[in-house]
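The structure under discussion appears below in the form of structure tokens.
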Amino acid sequence: MHYSNGMERIYFKALGLMRRTVGRVVPPDDVEDIVQETYVKACQIRDLGHIRNPQSFLLKMARNLALDHIKRAEYRLATSITQLSGDSDFELGSEHDSTLDCVTGDQEFSLFCEAVRQLPQQCRRAFVLKKVYGYSQKDIAERLGISESTVEKHIATGLLKSRRFMRNKMGASLEPGRYE
């Protein structure tokens, strides 16, 4: 069996499952790019002999690429927050988002990422689209097929639950009122 033909067959057989797997991790607009990147990377592997289950291998590779994508997005979030916190002309407005303050330290950022991973799936998607990718509530509503008020509730829930998670994990080491 020629490698590319075999991989192509396996890829197309697993395509729907790969899309669903990746869609649980990244925003909808990024799914196709990651699925295609999976195919490209899989085709670069010269020896398939050591892979017992190529479909499972593709699914795991797709999931890992999706997780890497999220890590890069989290890094961009941390970098932009650090830049914003150093910008004296930047104003947060009347509603200060203390959740964003918490991600400036490495340990706190790690906890924040874990808090986000703990959110219910739809809430997490809305929260990440807003906080990591900067989408408007209207765009998020369209992408997720929900109302803008539901998006607003998901974001508020995401903020509340992530603050609680951080408070519970950090306990006494938190500055008073920091996550209020």
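The values are calculated or read from the model by the stated rules, or taken from the named source; none is laboratory data. Remember, it's a predicted structure, so these values are computed and weren't measured experimentally. Protein only, heavy atoms only, side chains kept; ligands, DNA and RNA dropped before computing areas. Shrake-Rupley method; radii C 1.70, N 1.55, O 1.52, S 1.80 Å.
A few notes on this one:
- Leu160 sits with roughly 80 Å² accessible to a 1.4 Å probe, with DNA, RNA and ligands left out of the calculation.
- Only protein heavy atoms count here; on that basis, with a 1.4 Å probe, Asp68 has an accessible area of about 60 Å².
- Residue-level accessible surface for Lys153, protein heavy atoms, 1.4 Å, Å²: 130 Å²
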